Every structure is written in structure tokens, then in C-alpha cells.
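Taken together, the values in this text are just the output of simple stated rules run on the coordinates, not laboratory data. Keep in mind that this is a model prediction, so the values were computed, not measured. Cβ placement follows ideal geometry from the backbone for every residue including glycine, while neighbour counts extend to all protein chains displayed.
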Amino acid sequence: MSFHPFSKRSRDKPSPKNSVSEAATFFFGTGSSGKTATPRTAMQVSAVYACVRVISETIASLPLHLYRYTDAGSEKVYNNPLYRIVHDEPNSEMTSFVWREAMLAHLNLWGNHYSQIIRNGRGEVVALYPLLPDKMTVDRDARGALTYTYKTNGVDRMLDPSAVLHIPALGFDGVMGYSPIALERNAISLGIAAEEYGSKFFANGANPSGVLTHPSAVKDIDALRQSWNAVYGGSQNSGKVAVLEEGMKFEKVSIPNNDAQFIETRKFQISEIARIYRVPPHMIGDLEHATFSNIEHQSISFAQHTIRPWAVRIEQAMNRALLTPEQKQTMFFGINIDGLQRGAYKERMDGYAQGFQNGFLSVNDIRELENMNKSSEPNADKYMINGNMVPLDMAGAAYTNKQGGSK
């Protein structure tokens with residue numbers, strides 16, 4: 001028996017296809033609550049909208065730079081066109097903030113982001129245009145190479161893989177990402193159902209439905225129902241006094257809203273959706289369990305465990321798609337999240353003081369960490385230590401010398 005290594009031709013086709021197809025409807029569909037969960041219906045749930053927004057705006061607001069490796073570490077590359085494209089203006093229609101905001105919205109709703117890479121005749125990147133993920137189909141050709149087909153104005157257009165910046169979210173095949181909305185459609189659809197129930201509850205005047213009883217037969221039941229709803233239905237008619245004629249009676253049959261634990265269900269769904277996106281509840285307006293002591297630590301955890309993985313995912317995808325093989329040896333893209341991980345002002349100052357006194361931070365190191373201009377003072381770059389500190393094996397040397405000198 002002989003064994004052969006895998007080739008591109010033997011690779012599985014990417015799945016799921018985030019296009020308007022049967023493969024996509026298997027994932028985007030009706031949840032157990034009976035409500036359909038899609039990216040657009042999910043965004044009507046306030047908790048989903050808040051989670052997507054806080055992640056998208058946070059990533060979009062962080063500094064994105066092009067760096068060059070140096071003997072001392074790295075430095076920003078300002079004189080490369082790629083720097084201006086990713087940092088300021090990816091194309092003539094949008095800013096870097098808007099482009100990255102749309103990127104994270106695509107990733108958090110569809111599980112994939114695509115941007116078309118526009119190059120000039122010399123192969124240099126001159127623009128990046130975001131593409132709608134629900135119009136893109138990713139497949140493999142007969143040779144096993146990835147193919148990208150984008151539907152625009154009803155026409156399928158083939159894009160060369162080198163012309164597509166593809167950033168996948170969590171997936172199983174390493175090529176395609178899976179939509180959080182699709183994978184968690186039961187939780188999302190329950191949130192949709194809860195909001196719809198609340199809307200209908202208040203649309204009916206915030207009163208439970210009931211039964212009108214009449215001592216004798218009613219000739220036109222539909223007319224009676226319509227007349228009742230016209231006068232007493234809807235929130236605008238809430239509180240009106242009902243006038244019943246001919247011995248009619250109104251009896252409530254629905255359980256009170258509090259007994260149905262409607263509020264508790266809504267709170268649970270907020271926590272559930274926040275868990276899906278790994279967003280601290282206080283960041284989407286749920287302050288029930290928030291305190292002054294834990295909000296700061298939750299925010300730092302959000303930066304480390306939510307924002308940092310997204311940043312690394314984006315950085316590596318951009319390095320792969322936008323840099324030439326030669327540039328990859330000397331340059332890389334970086335998103336700076338240091339500002340998000342800072343503690344309170346007093347804690348930072350105490351840490352800087354410890355670093356300065358123990359000789360591993362200089363004045364200019366500290367000023368740079370605080371986004372301040374470097375000082376031109378001659379000693380600002382020097383590393384200082386406390387003069388009272390000496391090596392352990394020299395602890396008695398000064399005393400011995402003093403004793404010897406006194407004789």
C-alpha cells in the first residue's frame with residue numbers, strides 16, 4: 001500500500017457557502033421558537049445590534065499601522081502607499097474607520113469578510129473595496145484552487161484569489177468562517193420572539209386578551225370583535241373604561257405578564273447573546289451585575305479575550321493578502337490595542353514608578369506609553385536605579401571598607 005500527500009485537487013470544497021443558496025438556508029433558518037434568524041433579522045434584536053456595534057467600533061477605532069522589522073524591534077513605515085490605504089483611506093469612498101467597521105460587522109453576522117484588492121500595472125495595491133458576503137460564493141475548481149464568484153447586478157463575476165482579501169471567522173475547514181447567527185439561531189430566534197411578544201403586548205393596550213360572553217346568541221361575531229378592538233385595542237386606547245350592553249361580560253383568560261416571566265426571559269437572552277459574542281454585559285447596557293470594582297477588569301478582559309483575537313486574525317489575513325513575498329520578510333501590519341488594556345490612572349502611575357525606579361523604564365519610555373512627545377532632556381533616555389540598592393554579595397562591602405578606613 002502506498003501513501004500519497006494531499007494536493008489541492010483532493011481538498012474538500014469550502015463549506016458553508018455564504019451565498020443565497022440551499023447550503024446557506026441550512027444554517028440561516030427558523031429556530032425552535034418559530035422565528036427566522038438571519039443577519040438582518042438578528043440586527044433588529046437590540047442585544048445583537050449592541051454586541052456587533054461595540055466590537056466593530058472598537059476595532060475600527062484602534063490604530064492600524066504598517067511596521068518594519070528593525071534591530072531594535074520595529075518601526076512604523078510612513079513612506080509606503082499601503083500605510084495610507086489601511087490607516088487613512090482604503091478607497092475614494094470611505095475612511096479606514098468605516099471600512100474596518102463594515103469588516104467586523106460582516107465577520108460577526110456572516111462569519112466572513114471579503115474586500116476586493118485593486119492593483120495598478122506594477123502589482124501595487126492602490127485600493128480596497130468591501131464586498132457583501134451574502135453575494136460571494138467560494139468554491140474550488142478542477143485543480144482544487146479556490147475560486148471567488150461575486151454576484152453584482154444579477155451577473156456572476158469571477159475574482160482571482162489574489163484580488164480578494166478574505167478574512168474568515170471561526171470555522172472548521174480553515175477556509176470559510178461560520179456565522180454566529182447561523183450557529184446560534186435558536187438563541188437569536190428566541191430573542192426575536194421575545195421582542196415581538198413584547199411589541200404585540202403593548203400594541204394590545206398592555207392588557208391580556210380575554211373573552212366576551214353574551215347571555216344569548218350573537219348574530220355577527222366578527223362585527224362585534226372588530227368594534228371591540230377599534231374602541232379598546234391598541235396602546236392608545238389603554239385605560240379606557242369599557243361599556244358592556246345586553247348583559248355582556250369580559251373575562252381575562254391570559255396569565256399576567258409578570259407570571260409569564262417575560263422580563264426574566266428578556267434578561268436571560270441579553271446574557272445569552274453577550275456570551276455568544278464574548279462581550280461583557282455592561283458594555284451593551286446591562287448593568288445589573290456591574291460594580292465599580294469589576295467594570296474595569298471586565299473591560300480589560302474584553303480587550304484581551306475579545307478584541308485581541310479579532311485583531312490578530314485581521315493582521316495575519318492582511319499580511320498574507322496585501323504584502324508581496326519580499327515585503328513579508330521585512331514588514332507586517334499591526335493593530336495597537338495597548339490603550340484598551342490600560343488600568344486606571346493611579347495604577348498606571350504606580351506601575352511606571354516601579355519601572356523607573358528599578359531601571360527597566362526611562363522617562364521617554366513612559367512618555368511614549370502615555371502617547372506623549374519624547375523629552376529632549378539629556379537624561380530622558382537613560383535608565384535609573386535606586387541608589388540604595390546593591391547586589392547581595394556586596395551587601396557588606398561598604399561597611400567593611402568603612403571599618404578598614406577608620407583604622
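Data overview
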quantity: Theoretical FRET efficiency, 1/(1+(r/R0)^6), r = Cβ-Cβ of Asn386 and Ser61, R0 51 Å, to 0.05; calculated: 0.85
quantity: Simple spin-label estimate for Glu347 and Ser375 in nanometres, 7 Å along Cα-Cβ; calculated: 2.6 nm
quantity: Anisotropy class of the stretch 45-176 from Cα gyration tensor, a/c 1.5 cut; calculated: oblate
quantity: Stretchable slack from Asn358 to Thr152, in nm (0.36 nm times residue separation minus alpha-carbon distance); calculated: 68.0 nm
quantity: Distance (nanometres) between label positions extended 7 Å along Cα→Cβ at Ser271 and Arg308; calculated: 2.6 nm
quantity: Cleavage-rule hits, trypsin sites (Lys or Arg not before Pro), the stretch 95-199, DSSP coil, Cβ neighbours within 10 Å at most 14; calculated: Arg122, Arg143
quantity: Rough spin-label spacing in nm, given labels placed 7 Å along Cα→Cβ, for Arg367 and Arg84; calculated: 3.0 nm
